[in-house]
Amino acid sequence: MARRNFAKPDELAPGLNYIGGEWLPDQDGVLIESRNPANTREIVGRFPRSRGSEVDRAVMAGKEAFKSWRLVPAPQRGVILRKCADVLRARKEEMARLMTREMGKPLVEARGDVQEAIDCADLYSGEGRRLFGDTTHSELPNKFAMSIRTPVGVCGLITPWNFPVAIPSWKIFPAILCGNTVVLKPAEDTPACAAAFVKALEYGGVPPGVVNLVQGVGEEAGACLVAHPEISLISFTGSSAIGSHIAEVCGKNLRRCSLEMGGKNAQIVMDDADLDLALEGALWGAFGTAGQRCTATSRLILHKKIKHVFVQRLVRAAKALRLGDPSDEGNQIGPVVNAAQMERIEGYIKIGRDEGARLLCGGKRAKGMGLEHGFFFEPTVFDQVTPGMRISQEEIFGPVASVIEIASFEEAVEVLNGVKYGLSSSIYTRDVNRAFHAIRDLEAGITYVNGPTIGAEVHLPFGGVKNTGNGHREAGRAVLDIFSEWKSVYVDYSGKLQKAQIDVES
Ligand code: ADP
């Protein structure tokens, strides 16, 4: 069969699916449109709205490629990842600019997003020469024992729009390093970023069928991927509602499933804290990426002795943040991603007001020159928030910080822990004993001391406790446990039948 490759060789983000090493249009020809959230008149690109048939082709391409990819030595797989890192480095700026146009995070943050993918490729490229198992002594003589990691098969990866290159990289690089092949279904809000990322991997030399990309919407392409019988594993990052639905489907089919979901992260500021530092952290944590990070600081738990002055300074600084076109480097806050997100945030402003919280600043769409065609929302601070309010409990995913006053360290810990999520947490204090108590007692997958709730690095485990996840960790070495199966190997060189637990007693 002649190869059909519909992408132009120099295209940064083809408006096509990538299946079995070919850039192909969807058979139905139905498209989704990606628009710039800072200026919705600008179309970033059109991408296939794929259905089950495309998902099926991609999974079968992954299954075919798995036969040979799983046999490529891991160090050689690592070499390909290193080449991918080089391509990403070379394209960092154009990919970051595309990301800013497509989902609205300021350019400096978009560069960080691509950088995270580069870090990730570097990390797992080295892991190709480790991927260690254990060797150990058998309890029987003349017998050898070891454990090795083996790949799982074709992995279905479903990703959100808020880290449109970094999150796919957290999943794809360790997955393929372990010898798996993948089908990526990225968020419908950021198809161009996903296409650009996969295109970079193609240039990096990832063989055909090892990474497949199917564009489309969640209920269609996403749902088909989750239900596909040839998928061995689903790795999902997104909302708790969808995650729990995916877990149900995977549970029924006895399929491996790792979920990374919501957060209601908090920053504690104690009375002995460096307030300048804590303020800087709060601004970055609450309003960076317009609050649309799963680790965003949505609650500020402030000691009563410093609360008044801290809130005054916070409000002044929040009002001074420069909102506007995120591709203009002078601006600090870009738009939120789409109209639905805007409405959701507006909904929570009303909920907060109705619950009796006091709005100190923001709380509304930003108006002004150049903002009229985008989804800009003013940085918002609610005061007099109590731990039980919905704005204290539910994930808002917007530039909204809720201030809760506490009178002691113990109360701060209780408030921070009093939510159903447990992703990230932070405490500002100069008291080392208190810091270690916090590390021990905060119910979260991540704790920062004297740093904001955001800023994870790729070589440490990432994930959360309680309803944030289902017990897995991405990044670091921990992610290898998602993307590989352990096999225990015994080699008996005694030349006779030896019986464990029977021939020996202790
Ligand atoms: P967010 O609120 O961050 O957009 P979602 O959970 O809605 O989070 O979406 C995260 C990812 O899950 C996206 O790629 C989306 O297309 C996908 N998705 C949404 N619904 C489903 C579904 N029913 N089955 C599989 N994937 C889905």
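The values are calculated or read from the model by the stated rules, or taken from the named source; none is laboratory data. Because the structure is predicted, anything quoted here is derived from the model rather than measured. Virtual Cβ from ideal backbone geometry, glycine too; neighbours counted across all protein chains shown.
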> Of these, Glu230, Glu260, Glu248, Glu219, which one is of a type in the set (Asp, Glu) and crowded, with 22+ Cβ neighbours inside 10 Å?
Replying inline: Glu260
> Does Arg89 meet the test of being more than 22 Å from Gln332 (Cα to Cα), within 21 Å of the chain's Cα centre (by Cα), in a helix (DSSP H, G or I) and not β-branched (Val, Ile, Thr)?
Replying inline: yes
>> Residue pairs, Cβ under 8 Å, 6 or more apart or interchain, first in segment 288-303 and in the same structural domain as Ala357 (by TED's automatic domain parsing), second surrounded by 24 or more Cβ atoms within 10 Å (Cβ to Cβ) and aromatic (Phe, Trp, Tyr). List them.
In response: Ala290/Phe377; Gly291/Phe397; Gln292/Phe397; Arg293/Phe163; Ala296/Phe397
> Can you name the residue in segment 233-245 that is among the hydrophobic types (A, V, I, L, M, F, W, C) and touching a residue at least 12 places away in the same chain (Cβ under 8 Å) and is also surrounded by the most Cβ atoms within 10 Å (Cβ to Cβ) among such residues?
Replying inline: Phe236
> Among the helices (runs of 4 or more DSSP H) confined wholly to segment 133-252, which include 1 or more residues that are more than 16 Å from the ligand (Cβ to nearest atom) and under 28 Å from Arg111 (Cα atoms)?
Replying inline: 166-177, 191-204
> Quick one: what pairs do we get from segment 146-162, first residue within 18 Å of Leu225 (Cα to Cα), second of a type in the set (Ser, Thr, Tyr) and surrounded by fewer than 23 Cβ atoms within 10 Å (Cβ to Cβ), C-beta under 9 Å, 6+ apart or different chains?
Replying inline: Val152/Ser232; Val152/Ser484; Gly153/Ser232; Val154/Ser232; Cys155/Ser232; Gly156/Ser232; Pro160/Ser239
> strands (runs of 3 or more DSSP E) wholly in segment 363-466 with at least 2 residues that are surrounded by fewer than 24 Cβ atoms within 10 Å (Cβ to Cβ) - which ones?
Replying inline: 400-406, 446-449
> Can you find even one residue in segment 60-71 that is at pLDDT 95 or above and in a strand (DSSP E or B)?
Replying inline: no
>> Tell me whether segment 481-490 contains one or more residues that are polar (S, T, N, Q) and in a loop (DSSP other than H, G, I, E, B).
In response: no
>> Step by step: first the residues of segment 23-51, then only those that are crowded, with 17+ Cβ neighbours inside 10 Å and out of contact with any strand residue (DSSP E or B) (no Cβ under 8 Å at 6 or more places or on another chain), then the one that is farthest from Ala96 (Cα to Cα). Which residue is that?
In response: Arg51
> If the Cβ limit is 7 Å and pairs must be 6+ apart or interchain, which residue in segment 428-451 that is under 14 Å from Asp271 (Cβ atoms) pairs with which residue that is of a type in the set (Phe, Trp, Tyr)?
Replying inline: Arg434/Phe409
